[in-house]
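Note sheet for the following structure.
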Amino acid sequence: MKKTVVVLGAGMVGVSCALELQQRGRDVVLVDRAAPGRETSFGNAGVFARSSLMPMNNPALWAALPKLARNTSAQLRYDPRFLLRNAGWAARFLYSARTGCFEQTVEALDRLITLSRPLHDRWMAEAGVQARLRSNGWIFLYRSEAAYASGMLSRQTMDRFGIQTQTLSGEELRALEPHLAPIFPKALWIQDAASVDNPGAVVEAYAALFQARGGRIVRDEVKAIHRSQDAWEATGTAGRLRADDLVVALGPWSRTFLRDTLGLSVPMAYERGYHRHFGARPDATLGRPVYDIGGGYVLSPMEMGLRMSTGVELADIDAPKADAQLQLAETAAREAFPLADYRDSEPWLGRRPTLPDSRPAIGRARSHPSLWFAFGHQHIGLSTGPGSAQLLANLMDGAESPIDPRPFAPARWGL
Ligand SMILES: Cc1cc2nc3c(=O)[nH]c(=O)nc-3n(C[C@H](O)[C@H](O)[C@H](O)COP(=O)(O)OP(=O)(O)OC[C@H]3O[C@@H](n4cnc5c(N)ncnc54)[C@H](O)[C@@H]3O)c2cc1C
């Protein structure tokens, strides 16, 4: 008899877990209340980059904190009431910016990102979506020499990990991306990076591959989970599923789900972010995603137009959308590139699920047998879904892990 697994959540992380566990010979059911890849995994910037090993809470955060605390920047907004209610998370997030923890985090994230890339390449080929992948890197844009200088820790860290980058003068930048306005005297081209032109479609294609290989996808909102003698039961509005093992991969909803069903306290905050799609002047093209550091947005060429995605807004998962950060980002993006009209009727809102040390929780739950976690992928869940799945599947099989699992152990947060 094959061992059975129910995977909750069909974002990039859950779909990757389902595919990998299926490949290891398990009988897998994937459950989501929506179609695969419709939430956080849909609206991101589409970047797969080793440079994303730098968490937001790094030692350079201290110098930026007085400016960020004013709550007026495009890079970071926060709802003070949310921060007060989540003061424990905020304190631990800041505490994790100290050098020792930062060093552990960058090393762990680099391994997870690096592990994921060949799997993405393989699955994209198998799912027939490799044409969506561009392997021409992405570019950090600096509006002044001083801004470039303040990115030193990030560049030193990339160098230390052997990430291939090239510093560009304003002229060299224009040779690479001729339609950017000449307002960036310096740029950093991260060559060790790729991007996709429709992240949601990639998740859908992976889910279709899982189904084509005999996997089952159930559309249901799971309301309760329960461990009976030898199996898990997941009960939704449409029915009940039983399995030997249960994987929780509910992205930002993992926190409330585990609180409401098992009474667990997940120290997660929501780094919310928006996107909008724009048309461009007919002759203006962008070859790869660019990150305007001072402007606080990423502009990514997508199938739907140019997607401008914003920085971080710390607020409740379901708090109403706010305009100010988007408007600042749009003003800066229009300075940088000849954007035309909106291609969508309203902004999209996503929630990056973030644990205090900016590392996802991947592994066995301490509190319950055969319960597994794969959530908390903050800014990098699109790129690290496959590596997370491989790590989790090895842990479930009791096999040697391809990377050190300890930095990701749910037990570090008492889970
Ligand atoms: C603006 C922005 C830009 C980003 N840019 C990048 C980037 O360039 N590169 C990168 O790697 N990452 C990026 N990210 C981060 C990345 O998008 C996330 O880390 C990743 O999508 C998380 O995937 P997930 O599968 O954990 O969560 P999700 O994609 O949110 O999936 C969770 C799923 O759980 C389902 N669900 C929730 N509750 C229930 C329930 N009770 N029952 C059934 N189903 C349920 C939801 O419907 C959803 O489909 C960005 C994020 C944002 C917001």
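General observations
- Taking segment 75-86 as the range and being among the hydrophobic types (A, V, I, L, M, F, W, C) and open to solvent by less than 50 Å² (accessible area, probe 1.4 Å) as the test, the residues that pass are L76, F82, L83.
- Answer residue from segment 223-259, given it is of a type in the set (S, T, N, Q) and within 11 Å of the ligand (Cβ to nearest atom) and is surrounded by the fewest Cβ atoms within 10 Å (Cβ to Cβ) among those: T237
- Output for segment 188-209, where each listed residue is away from the ligand (no atom under 14 Å from the Cβ) and either among the hydrophobic types (A, V, I, L, M, F, W, C) or on the phi > 0 side of the Ramachandran plot (or both): L188, W189, A205, A208, L209
- Test: L262 is open to solvent by 30 Å² or more (accessible area, probe 1.4 Å) and hydrophobic (A, V, I, L, M, F, W, C): yes
- No other residue among G305, G385 is surrounded by 20 or more Cβ atoms within 10 Å (Cβ to Cβ) and within 16 Å of the ligand (Cβ to nearest atom) apart from G385.
- Condition check for I403: within 12 Å of the ligand (Cβ to nearest atom) and either buried (at least 22 other Cβ atoms within 10 Å of the Cβ) or not acidic (D, E) (or both): no
- Matching residues in segment 268-291 - criterion: being within 14 Å of the ligand (Cβ to nearest atom), open to solvent by less than 20 Å² (accessible area, probe 1.4 Å) and touching a Leu at 6+ places or on another chain (Cβ under 8 Å): M268, A269, Y270, E271, R272, G273, Y274, H277, P289, V290
- Within segment 388-400, tally of residues that are more than 15 Å from the ligand (Cβ to nearest atom) and open to solvent by less than 10 Å² (accessible area, probe 1.4 Å): 1
- Unmet criterion (only one of (1) in contact (Cβ under 8 Å) with a residue 24 or more places away in the chain; (2) away from the ligand (no atom under 11 Å from the Cβ); (3) within 24 Å of V312 (Cα to Cα)) for V47: (2)
- Single residue of R219, R255, R174 found to be free of Cβ contacts under 8 Å to residues at least 12 places away in the same chain and among the basic types (K, R): R174
- Sole exception among (1) open to solvent by 20 Å² or more (accessible area, probe 1.4 Å); (2) in contact (Cβ under 8 Å) with a residue 24 or more places away in the chain; (3) farther than 19 Å from L141 by Cα for P338, by number: (3)
- Odd one out for T331 among (1) buried (at least 23 other Cβ atoms within 10 Å of the Cβ); (2) polar (S, T, N, Q); (3) without any contact (Cβ under 8 Å) to a residue 40 or more places away in the chain: (1)
- All positions within segment 289-325 that are of a type in the set (A, V, I, L, M) and either within 13 Å of F337 (Cβ to Cβ) or not in a strand (DSSP E or B) (or both): V290, I293, V298, L299, M304, L306, M308, A315, I317, A319, A322, A324
- Just one of the listed residues (S370, S358, S345) is in contact with a strand residue (DSSP E or B) (Cβ under 8 Å, 6 or more places away or on another chain) and either among the polar types (S, T, N, Q) or away from the ligand (no atom under 14 Å from the Cβ) (or both), and it is S370.
- Residue identified as open to solvent by less than 20 Å² (accessible area, probe 1.4 Å), assigned to a helix (DSSP H, G or I) and out of contact with any His (no Cβ under 9 Å at 6 or more places or on another chain) among D121, D110: D110
- Search result, residues across segment 124-145 that are outside any strand (DSSP E or B) and open to solvent by 40 Å² or more (accessible area, probe 1.4 Å): A125, E126, G128, Q130, A131, R132, S135, N136, R143, S144, E145
- Any hit, segment 260-267, residues being touching a helix residue (DSSP H, G or I) at 6+ places or on another chain (Cβ under 9 Å), within 11 Å of the ligand (Cβ to nearest atom), in a loop (DSSP other than H, G, I, E, B) and not small (G, A, S): no
- Residues being among the aliphatic types (A, V, I, L, M) and more than 9 Å from the ligand (Cβ to nearest atom) - total across segment 1-44: 10
The values are calculated or read from the model by the stated rules, or taken from the named source; none is laboratory data. Computed from a predicted model, the values in this text were never measured in an experiment. Heads up, the Cβs are rebuilt from the backbone with ideal geometry, glycines too, and the neighbour counts pull from every protein chain shown. Areas reflect the complete protein model, heavy atoms only, side chains present, ligands, DNA and RNA absent. Shrake-Rupley method; radii C 1.70, N 1.55, O 1.52, S 1.80 Å.
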